[in-house]
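Asks: This is the structure, below, for whatever I ask next.
The values are calculated or read from the model by the stated rules, or taken from the named source; none is laboratory data. Quantities reported herein were computed from a predicted structural model and do not represent experimental measurements. A quick note on method: Cβ atoms are made from the backbone with ideal geometry, for glycine too, and the neighbour counts reach across all protein chains shown.
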Amino acid sequence: MNNTKQWIDTAEAALLHTYNRYQIVLEKGDGVYLYDNEGKKYLDFAAGIAVCSLGYGHPKYKEALKNQIDNLMHTSNLFYSKPVAEAAEKLKQATQMDRVFFTNSGTEAIEGALKAARKYAYTKQSGKYEFIAMNHSFHGRSMGAVSVTGNEHYRTPFEPLIGGVKFADFNDLESVKALVTDKTCAIIMEPVQGEGGIYPADEAFLKGVRKLCDEQDILLIFDEIQCGMGRTGSMFAWQGYGVKPDIMAMAKAIGNGVPVGAFAMTEKVAEKSLAPGDHGTTYGGNPLVCAAVKTVLEIFEEENIIEHVQKVSTYLEEKLGALVDKNEFIDARRGKGLMQGLVLNKPVGEVVQKAMKHGLIVISAGGNVLRLVPPLTITEAHVDEFVEKLEKALTEFAEA
Ligand SMILES: *Cc1c(COP(=O)(O)O)cnc(C)c1O
């Protein structure tokens, strides 16, 4: 029985229309494959937008969550619980930060990071409040996160936004320097821009920004929501660059599918930043999502996920390079690790649709970029399968 149209119509009749969804109804995930309600199988190179890094149905992950549901899902942050303590300790180690605050999403992690920076300046009575953000950045959809997102389309309908935000060009240190004043409180950026079109930072740029921040007591905020958690071949992208932020935001893959994010900071920031009464969340970091975070971090260690990403991404880059050379519809490759973009000269939306027809799920970024953010557990055989399916989809353009 095929009820696809019925499910789509039911959803569209009730949901606020903020997404143009693909016309498939997903039903089940297994490993790096997804299945729709008609039983069609898809190789998943989107991972729910860089969320399902361990793929679907990891046995240890599933069991940990089921156990936690049986024991205790929620307590509020007025109490302690074991999974919260364990997740915080493990995340502190993984981030090399000193203090962690759990949120429900990436947006809220950014919101918290911005508040933490403003509070730090307030405590120091420095009179600083301005943020410098990057063009083509994406930081989320709340009023604070939108305010620092470098895409006018996302900002304009919601103005006036929070004040004191200026936009510099990513990878252009001079453009950042030109915006610094004695009121600059923090600089915020993604070490690898995601939604904006998969642009990795230059190491010299990040080092230059770090130096600028140190010289003028400006806080450096990294948004690792998409590029963090092993995706670029180091636990967090900044560790691969060797440029440590003062505050960082994470989400997406840290819970592998449960809604959880976090912002974290160094002790230097924490001791002058958010204190009791300044910030809070009812759900944020409840025992259920913390059981997920703790288990994900354990699996990363046990299965050497980082080393695996380094190896398999080398193979993926080779194959993508060959595709660029060979295929007239692909102009370039950009990216780091398993966060890759192919710059197309065909409408990326149509390529995505055709790929889906051939059983491959990919998504777009920044208009003309095919974004590849597969589960980190893919193997070389999956890369081969991806190439084969993408080539089939692209061939249809040649024939059309
Ligand atoms: C997805 C994303 C966000 C927003 O996260 P949500 O969980 O959707 O609120 C912020 N920054 C970056 C870099 C992202 O990729």
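Asks: Which condition number does Leu43 fail, the rest of (1) exposed (fewer than 11 other Cβ atoms within 10 Å of the Cβ); (2) outside the structural domain of Met229 (by TED's automatic domain parsing); (3) on the phi < 0 side of the Ramachandran plot being met?
Replies: Only one criterion is unmet by Leu43, namely (1).
Asks: Pick out the one residue from Ser147, Ser142, Ser126 that is within 12 Å of the ligand (Cβ to nearest atom) and modelled with pLDDT of 95 or more.
Replies: Of the residues listed, the single one that is within 12 Å of the ligand (Cβ to nearest atom) and modelled with pLDDT of 95 or more is Ser142.
Asks: When you scan the range 102-120, do you find a residue that is closer than 24 Å to Arg231 by Cβ and assigned to a strand (DSSP E or B), even just one?
Replies: Taking every residue of the range 102-120 in turn, at least one turns out to be closer than 24 Å to Arg231 by Cβ and assigned to a strand (DSSP E or B).
Asks: Right, another one. When Asp278 is evaluated against the numbered criteria (1) within 16 Å of the ligand (Cβ to nearest atom); (2) surrounded by fewer than 17 Cβ atoms within 10 Å (Cβ to Cβ), which criterion, by number, is the only one it fails?
Replies: Every condition holds for Asp278 apart from (1).
Asks: While we're on this one: Where residues in the range 375-390 are assigned to a helix (DSSP H, G or I) and exposed (fewer than 15 other Cβ atoms within 10 Å of the Cβ), which of them is farthest from the chain's Cα centre (by Cα)?
Replies: Glu388
Asks: I would also like to ask the following. Which numbered condition trips up Lys319, out of (1) more than 26 Å from Lys41 (Cβ to Cβ); (2) modelled with pLDDT of 95 or more; (3) surrounded by fewer than 21 Cβ atoms within 10 Å (Cβ to Cβ)?
Replies: (1)
Asks: Turning to a different aspect of this structure: For the range 1-41, name all the residues that are under 20 Å from Gly359 (Cα atoms) and of a type in the set (S, T, N, Q).
Replies: Asn2, Asn3, Thr4, Asn20, Gln23, Asn37
Asks: Still on this structure: What is the number of the single condition among (1) over 21 Å from Tyr199 (Cβ atoms); (2) at pLDDT 95 or above that Glu328 does not meet?
Replies: So the condition that Glu328 fails would be (2).
Asks: Answer yes or no as to whether Ala168 is surrounded by 15 or more Cβ atoms within 10 Å (Cβ to Cβ) and in contact (Cβ under 8 Å) with a residue 60 or more places away in the chain.
Replies: no
Residue-by-condition table, conditions (1) β-branched (Val, Ile, Thr); (2) within 29 Å of Pro259 (Cα to Cα); (3) part of a strand (DSSP E or B):
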site	(1), (2), (3)
Thr295	yes, yes, no
Glu298	no, yes, no
His308	no, yes, no
Ala322	no, no, no
Val343	yes, no, yes
Met356	no, yes, no
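Asks: Select from the range 225-260 the residues that are more than 12 Å from the ligand (Cβ to nearest atom) and surrounded by 24 or more Cβ atoms within 10 Å (Cβ to Cβ) and list them in ascending order.
Replies: Of everything in the range 225-260, those that are more than 12 Å from the ligand (Cβ to nearest atom) and surrounded by 24 or more Cβ atoms within 10 Å (Cβ to Cβ) turn out to be Gly230, Thr232, Phe236, Trp238, Pro245, Asp246, Ile247, Asn256.
Asks: Just one of the numbered conditions (1) away from the ligand (no atom under 16 Å from the Cβ); (2) more than 19 Å from Met97 (Cα to Cα) is not true of Lys268; which one?
Replies: Only one criterion is unmet by Lys268, namely (2).
Asks: Okay, next question. Suppose the filter is out of contact with any Pro (no Cβ under 7 Å at 6 or more places or on another chain), within 16 Å of the ligand (Cβ to nearest atom) and touching a residue at least 12 places away in the same chain (Cβ under 8 Å); does Gly194 pass it?
Replies: In short, yes.
Asks: Counting only residues that are part of a loop (DSSP other than H, G, I, E, B) and more than 16 Å from the ligand (Cβ to nearest atom), how many does the range 150-160 have?
Replies: Just the residues of the range 150-160 that are part of a loop (DSSP other than H, G, I, E, B), to begin with: 150-151, 159-160.
From what's left, more than 16 Å from the ligand (Cβ to nearest atom): 159-160.
Matching residues across the range 150-160 total 2.
Asks: Moving on. Would you say Leu220 is within 16 Å of the ligand (Cβ to nearest atom), assigned by TED's automatic domain parsing to the domain that holds Val289 and surrounded by fewer than 24 Cβ atoms within 10 Å (Cβ to Cβ)?
Replies: Yes: the conditions hold for Leu220.
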